[in-house]
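Colleague: Here it is, the structure in full.
The values are calculated or read from the model by the stated rules, or taken from the named source; none is laboratory data. On a predicted model such as this, the values are computed, not experimentally measured, just so you know. No Cβ is skipped: glycine too gets one built from the backbone with ideal geometry, and neighbour counts run over all protein chains shown. Only protein heavy atoms, including side chains, enter the accessible area calculation; ligands, DNA and RNA are left aside. Shrake-Rupley method; radii C 1.70, N 1.55, O 1.52, S 1.80 Å.
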Amino acid sequence: AQSVSQHNHHVILSEAASLELGCNYSYGGTVNLFWYVQYPGQHLQLLLKYFSGDPLVKGIKGFEAEFIKSKFSFNLRKPSVQWSDTAEYFCAVKNTGRRALTFGSGTRLQVQP
Amino acid sequence: GAVVSQHPSRVICKSGTSVKIECRSLDFQATTMFWYRQFPKQSLMLMATSNEGSKATYEQGVEKDKFLINHASLTLSTLTVTSAHPEDSSFYICSARTTVVGGEQYFGPGTRLTVT
């Protein structure tokens, strides 16, 4: 069965610090990869996605992620975080044989001003 | 962008009663909708996939007689929690996928269910 691991459960950073959140998945076939963000009290929003092509994907709000197939990873990065980035971040994977997404456990990011 | 709404946003019900949660795609048609459950500080767990005009597909371990799903139109899916118990208290989130092949999923704001 497909699974998604997010190793960082809670990350605390100061403003302007760089961010990298890890995401690893277990599925050997073709996958679509996503990062979602959930701001406090709001619904999930798509940050970025990878379907094919350039493994370095740029998303909204200055976020980017790199798909490394050999490592089954899709880590999220941002060079300089802001207080407004405080939120829960979820990595999700969809394989070609399944319509639904499989989510990681989420990483709570807290950015201190 | 595409908007998915859920109603109600929060509901409190007594143990043994049933609760219906609606999920609507407001500006697009969704042949497929998904129902997730999110426990506090945990991830979203897929409960079922609903397809317009056909029976829902439930994930292993999800009781289909307890969580009734109806997808009557291309813009509406409902989840009914029957004979609710306190352990059903949770955050229920729906998502809808556009009819475009490989279409993106859009998420509703969620419904907080509390069973007393």
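Colleague: Any idea which of (1) within 12 Å of A:Leu13 (Cβ to Cβ); (2) within 15 Å of the chain's Cα centre (by Cα) is the one A:Phe90 doesn't satisfy?
Modeller: (1)
Colleague: What's the number of the condition A:Thr96 fails, among (1) surrounded by 14 or more Cβ atoms within 10 Å (Cβ to Cβ); (2) of a type in the set (Ser, Thr, Tyr); (3) modelled with pLDDT under 95?
Modeller: In the conditions (1) surrounded by 14 or more Cβ atoms within 10 Å (Cβ to Cβ); (2) of a type in the set (Ser, Thr, Tyr); (3) modelled with pLDDT under 95, A:Thr96 misses (1) alone.
Colleague: For segment A:46-59, give me each residue that is within 15 Å of A:Lys78 (Cα to Cα) and in contact with a Leu (Cβ under 6 Å, 6 or more places away or on another chain).
Modeller: A:Val57, A:Gly59
Colleague: For segment B:69-116, what are the residues that are within 14 Å of chain A (Cβ to nearest Cβ), in contact with a Ser or Thr (Cβ under 7 Å, 6 or more places away or on another chain) and not in a strand (DSSP E or B)?
Modeller: Hits for segment B:69-116 are B:Thr99, B:Glu104, B:Gly108, B:Pro109.
Colleague: Step by step: first the residues of segment B:49-68, then only those that are under 11 Å from the mean Cα position of the chain (by Cα) and either at pLDDT 95 or above or open to solvent by 30 Å² or more (accessible area, probe 1.4 Å) (or both), then the one that is farthest from the other protein chains (Cβ to nearest Cβ). Which residue is that?
Modeller: Among them, the one singled out is B:Leu68.
Colleague: While we're here: Scan segment A:7-35 for residues that are open to solvent by 80 Å² or more (accessible area, probe 1.4 Å) and within 18 Å of A:Gly104 (Cβ to Cβ) and report the count.
Modeller: Qualifying residue count for the region: 4.
Colleague: Would you call B:Gln60 out of contact with any Ser or Thr (no Cβ under 9 Å at 6 or more places or on another chain) and free of Cβ contacts under 8 Å to residues at least 12 places away in the same chain?
Modeller: For B:Gln60, the condition - out of contact with any Ser or Thr (no Cβ under 9 Å at 6 or more places or on another chain) and free of Cβ contacts under 8 Å to residues at least 12 places away in the same chain - is met.
Colleague: Return the total of residues in segment A:42-58 being more than 9 Å from chain B (Cβ to nearest Cβ) and either open to solvent by 60 Å² or more (accessible area, probe 1.4 Å) or not aliphatic (A, V, I, L, M) (or both).
Modeller: The number of residues fulfilling the criteria is 7.
Colleague: Quick one: in segment A:71-93, which of the residues that are open to solvent by less than 10 Å² (accessible area, probe 1.4 Å) and more than 17 Å from A:Ser3 (Cβ to Cβ) is nearest to the other protein chains (Cβ to nearest Cβ)?
Modeller: A:Tyr89
Colleague: Let me ask you something else. Within the group B:Ser90, B:Ser18, which residue is within 28 Å of A:Val4 (Cα to Cα) and of a type in the set (Gly, Ala, Ser)?
Modeller: From the options B:Ser90, B:Ser18, the qualifying one is B:Ser90.
Colleague: Here is a follow-up. So if I check each of B:Ser77, B:Ser90, B:Ser95, which one is polar (S, T, N, Q) and touching a residue at least 60 places away in the same chain (Cβ under 8 Å)?
Modeller: So the residue among B:Ser77, B:Ser90, B:Ser95 that is polar (S, T, N, Q) and touching a residue at least 60 places away in the same chain (Cβ under 8 Å) is B:Ser95.
Colleague: Could you list, in sequence order, the residues of segment B:1-48 that are part of a loop (DSSP other than H, G, I, E, B) and at pLDDT 90 or above?
Modeller: B:Pro8, B:Ser9, B:Lys14, B:Ser15, B:Gly16, B:Thr17, B:Ser18, B:Leu26, listed by residue number.
Colleague: Looking at (1) without any contact (Cβ under 8 Å) to a residue 60 or more places away in the chain; (2) within 14 Å of chain B (Cβ to nearest Cβ); (3) not basic (Lys, Arg), find the lone condition where A:Ile68 falls short.
Modeller: Status for A:Ile68: all satisfied but (2).
Colleague: Answer yes if at least one residue in segment A:64-74 is more than 30 Å from B:Thr57 (Cα to Cα), touching a helix residue (DSSP H, G or I) at 6+ places or on another chain (Cβ under 8 Å) and at pLDDT 95 or above, and no otherwise.
Modeller: Within segment A:64-74, not a single residue is more than 30 Å from B:Thr57 (Cα to Cα), touching a helix residue (DSSP H, G or I) at 6+ places or on another chain (Cβ under 8 Å) and at pLDDT 95 or above.
Colleague: Looking only at segment A:36-60, filter to residues that are more than 22 Å from A:Ser105 (Cα to Cα) and not in a strand (DSSP E or B); which one of those is modelled with the lowest pLDDT? Can you show your working first?
Modeller: Filtering segment A:36-60 down to residues more than 22 Å from A:Ser105 (Cα to Cα) leaves A:52-56, A:58.
Within this subset, residues satisfying the condition of being not in a strand (DSSP E or B) are A:52-55.
Numbers: A:Ser52: 90, A:Gly53: 93, A:Asp54: 95, A:Pro55: 95.
That would be A:Ser52.
Colleague: Which condition number in (1) more than 11 Å from the chain's Cα centre (by Cα); (2) within 16 Å of A:Ser70 (Cα to Cα) is the one that A:Gly22 fails?
Modeller: With respect to (1) more than 11 Å from the chain's Cα centre (by Cα); (2) within 16 Å of A:Ser70 (Cα to Cα), A:Gly22 is out only on (1).
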